[in-house]
Structure formats: C-alpha cells, structure tokens
Amino acid sequence: MKKQKIHCVVVDQDVEVTASLDAALRHSDVLLELNQVASVQQLIPVLQELQPHLLFCPYDKSKPSVELLETLQRYSPDTLLVWVARDEWQGLTTWLMGVESCILPLRDLEYFGQYIDFLLRYSSIKQDFRDCKHLLGVAELRCHWLVDYSWEAIAYISQGMHLYANNAYVTLFGFEGMAEVRSMPVAHLVDNTERKTFEAMSKAADVGSKPSNRLLITLRTLEGERMRAEIRFIPAVLKGKRCTQLHVKPLERNILKGVSLRKQDNPWEATELRLQKVPVMHKVQEEHTVTSSPNAKTPVAPPAVNRMKMVFRKLQRMNENLPDIYLSEPEFQQKAQKLNYTALVKQLGNSGGRFRLDYWNLGQVVLKLSTQENEKPDYLVFVSVSSAILNNDAELKRVVELLNTTPEVAKRMVLAFQYQDCMTNIAQLGKVIKLLKVLGVHLAIDGLPDSSQALKFVQVVKPALVRVDANVNIDHLQRLIEQLVDRHCKVIIPSEQDQNFLKVAYSTAAAYVQVAT
C-alpha cells in the first residue's frame, strides 16, 4: 500500500512551541505536511478540509479542554490532539468517542523529539488501518451486491439468528419479508432429526476463519415442505461485524409435508388457565377498553389475535408543538370477560408470561408502524416493558433483534421502564440505555415517585419522558413537575379520575395528560 502523507496542524499561539515543533518535525524521516492556524476559532474549516492526523496546541491548564475535544469528535475524530506544555506530561489517553490526546513536556528536548517521532509513526499506522477499513468496506459492499443479485439462496447469519437474506433465500423458504426472516432462528428451518448436526457446524463457523465443507441436510419451508439441500458456511462481514454466509442449494423438494412454522401460539400458554380463573371483581367495564381517545379520528388498533387485541390510546398534549403520543396496551378477551393491561400485569407479575405479553405488544407495534412506512406519521408510541429486559440478557437480545428489524420504526417508539425496576437493576441499566440509544429508541421512566433520589436518577439517566407515580401527593405534584422540567424532562400525568388532581395537573408545566377513558 502506498504511504500517505501525514498532515499536521499547529495552533500558532506560542512562538516557542511553534519553533520547537518545527525543529522536531523537520528532523523526522516521515513524509508530512505542516499547516498553521492563528487560533482555535479558525480550526474548524481546516479540520473539515484536511482531516489532519496530528493537531498540536499550546497547553493552558486554566482553560478546559473539553470544548476542543468535542470539536475534534464532531469534525475529525481520528485526529490525535497533542498538548505542548513546559513541564507536564501525560501519555496517550482516549476521550470522547475514541478521540486520543497526550501532553508533551517542551523542556525535555530529547524526550520531546523521540515522542514526536513516535506520534508520527503511530499516526501513519492509524492511517494505514483506516485505509484497510475503507477497502474492507468497499469489498463488503461489493460482496453484498453480488449476494443480492445471486440466483443462489444466501443468508447472513450470526449466533444462530438471521441478519439478512437475499431474494432467492426469502423465496425458497416462503418468508413474507425481511422482518420475518430476522425473527426466525436459523435452526428452526432444519428438520428436527438433523438439527444438532446443523447447530454444531453453525457454532464452528462463528469462530472459524475458513469455509466449511458442504453438508447434505433436510430443510423445511415455513409452510412445512421438506427438502434435501446442500449447505455451506462461509466467513463474511456485514456492516463491519463478523458473521457467516449460509449458502443453500436445494436438491430434492416435496419430500414430506410437515407442520407449518407459521403456527401462532398464545403469547402466554402457561398462564392462560390463570387468566381464565380471574375473579369477577377484575372485570373491566366495556366502555373503558374498547375505544381509543376521543381525539383520535380513526381506530388504530389491529385485529385481535388469539383473543388478544392491541389498543392505542392518545395522550392529551399540553403544548401544540409537541408530537402526538399513543399508549399501546394489550387487552385479553376471555368469553364475556375483558382484562385491560393493568389487570393483565397484576395477574402475570414479573413471570415469563409478563415478558411474553410485552414482547407480543412490541411485535404488534412494530407490525402496525411498519405498514404505515409510506405515510410517515409523526406520532410516537409509548410501550411499557417489564424488568426482564433489564435482568435477562436473552430476553434483551430478543427485544433488540425485534427493534433492529425496522430501524425507522424503532425511532418512533418510547420504551418505558418502571422506576423501581431500574433501581433494582441499576448495574444493568447503563448497558440497556446504550443499546436503546444506538437503536434510536426513546427512553421513558414510569411510576416516578416524589423523592430526591428519583430526581438525581432522572438527572443522570436523562430520559425523554417521565410518567409520575399516580400516588404522588397532590400538594407536591406541581413542585415535582417543575423540578423535572428544570431537568429537561417531558412529564406525563397518569390517568386519574379525581377532578382536583386533574385541575392541578392542567396548571403545571406537564407535557402530556393521560385522560381516563
């Protein structure tokens, strides 16, 4: 690979610093180009144009360095920031989003020259690495195009799950779309008698670096049709991440008809009997659950599935500039009895049934919003989730995979965690928040109490929305909302029948009010 010129920029605010740098750089045998700027204010256009490898700046202990680091992170994150001081020293340190910096002592001339030489060579290596990443990206893109236009059925897989598949693969197995592909574990397409062999080869491919041997295996489509096929695992890269290409070549079809893989199960098979035995006292009045907010012009709930129905309820905006928000809540119909979301959560608790309820609800929201892709609706959807996402990596992975199927839909979703669940799983909360941020999902905290600890929590986590606890003392409600608004949180007032409560709510700076139906 041809060696690239190393671009260096010096903020010329100190004659001694500039002269020493010029001398040290001229003694190096690295091919470089030196540019000078008069001040930090003139730096941004130079960063945008050159994307320099090294930026030298006089060190001033009295001035904060965060602003300059943020500027580099925004305009040229690969640039090394080198502070030049009189006596202070600090080795290479990684800061915001991978920006690296160090402090060099000017008076130690021998060390200063050696370290400048090291930084030049380190920058050259970083440049080579960036070039390699660029070439890998080009090769990956070309490979992706070839896969898309190939007549052979090919899927990208990782850890037993589909990441992507071409049209030939989608058609071969009878998938309806990419969302259905990503939600289907690869092993489910293999006949039960040969699944262990397939899983062993798939795990070996995840850690291997060479294409596998060809394997004859029995596969089945989503409609249950069995076929003999030749498969092969080939190492690949997708979106910069290591994965495996699964190549499928069908040899013989229509062997035997099996059970369709599209069979829909009840979201909580094990808890259905408990739901049937719910006492009459939990019966919910018909008018409380059938319709959405009176402000909604058209019903937005999809058809019921297995006695389940998702209902959207519109929050009342307190400011016309705010986006519309709908609450997505499942309902369960058992004969003449109807259970709303609150009753369902009370029955299921934090069991596996509760997670299946939330996962079903999320899936229905994704499905609903995906069908409106061309309409570009501007509303957000508020979905409550249980603590399983915080304390169970397997369940968290399922939710992330579901949301990752439709990135544009994920950006219109608000995932709400109970405050008490967050405090119980505070160690895992940071990881979950980072994942949601990457997906573009909005974070909400539900059931926030009136306490100093809760306010400190909100200040650190910075959720997009907060729904206060319905049990907050009415005399303290206005003060609590003002404190949350000061922390840049949009506040939702929960559903409440008490007129005095609503009177206080409407006089506050709350963003939304959940009107009881």
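The values are calculated or read from the model by the stated rules, or taken from the named source; none is laboratory data. Keep in mind that this is a model prediction, so the values were computed, not measured. Neighbour counts are summed over all protein chains in view; Cβ atoms, including those assigned to glycine, are modelled from backbone coordinates with ideal geometry. Surface areas here come from the heavy atoms of the whole protein model, side chains and all, with no ligands, DNA or RNA. Shrake-Rupley method; radii C 1.70, N 1.55, O 1.52, S 1.80 Å.
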Q. What is the one condition in (1) open to solvent by less than 50 Å² (accessible area, probe 1.4 Å); (2) at pLDDT below 90 that residue 183 does not satisfy?
A. (1)
Q) Hey, any hits in the range 91-105 for a residue that's more than 38 Å from the chain's Cα centre (by Cα) and surrounded by 16 or more Cβ atoms within 10 Å (Cβ to Cβ)? A) yes
Q: Among the residues of the range 220-237, write down those that are out of contact with any Asp or Glu (no Cβ under 7 Å at 6 or more places or on another chain) and part of a strand (DSSP E or B).
A: 225, 229, 230, 231, 232, 233, 234, 235, 236
Q: Please enumerate the residues belonging to the range 44-65 that are more than 16 Å from residue 14 (Cα to Cα) and touching a residue at least 24 places away in the same chain (Cβ under 8 Å).
A: 44, 46, 47, 48, 50, 51, 52, 53, 54, 65
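Kindly provide the set of residues from the range 345-376 that are touching a Leu at 6+ places or on another chain (Cβ under 8 Å) and modelled with pLDDT under 80, ordered by number.
Passing the criteria: 345, 347, 348, 354.
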Q: Could you list all residues from the range 437-455 that are under 29 Å from residue 181 (Cβ atoms), open to solvent by 40 Å² or more (accessible area, probe 1.4 Å) and in a helix (DSSP H, G or I)?
A: 437, 438
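Rundown of residues vs (1) in a strand (DSSP E or B); (2) in contact with a His (Cβ under 8 Å, 6 or more places away or on another chain); (3) crowded, with 21+ Cβ neighbours inside 10 Å; (4) in contact (Cβ under 8 Å) with a residue 24 or more places away in the chain, yes/no style:
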{"residue": "378", "(1), (2), (3), (4)": "no, no, no, yes"}
{"residue": "381", "(1), (2), (3), (4)": "yes, no, yes, yes"}
{"residue": "400", "(1), (2), (3), (4)": "no, no, no, yes"}
{"residue": "422", "(1), (2), (3), (4)": "no, no, yes, yes"}
{"residue": "435", "(1), (2), (3), (4)": "no, no, no, yes"}
Q.
Show the residue pairs meeting these rules: Cβ distance below 8 Å; 6+ apart or different chains; first residue within the range 17-33 and more than 19 Å from residue 122 (Cβ to Cβ); second residue open to solvent by 30 Å² or more (accessible area, probe 1.4 Å).
A. 18/12; 18/36; 20/109; 22/34
(Q) Filter the range 456-472 down to the residues that are open to solvent by 100 Å² or more (accessible area, probe 1.4 Å) and either among the basic types (Lys, Arg) or touching a residue at least 40 places away in the same chain (Cβ under 8 Å) (or both) and list them by number. (A) 456, 462
Q) Within the set of pairs 6 or more residues apart or between chains, which connect a residue that is more than 26 Å from residue 236 (Cβ to Cβ) inside the range 113-138 to a residue that is at pLDDT 80 or above and not aliphatic (A, V, I, L, M) with Cβ atoms less than 6 Å apart? A) 123/53
Q. If you go through the range 130-150 one residue at a time, do you hit one that is surrounded by 18 or more Cβ atoms within 10 Å (Cβ to Cβ), at pLDDT below 85, part of a helix (DSSP H, G or I) and over 24 Å from the mean Cα position of the chain (by Cα)?
A. no
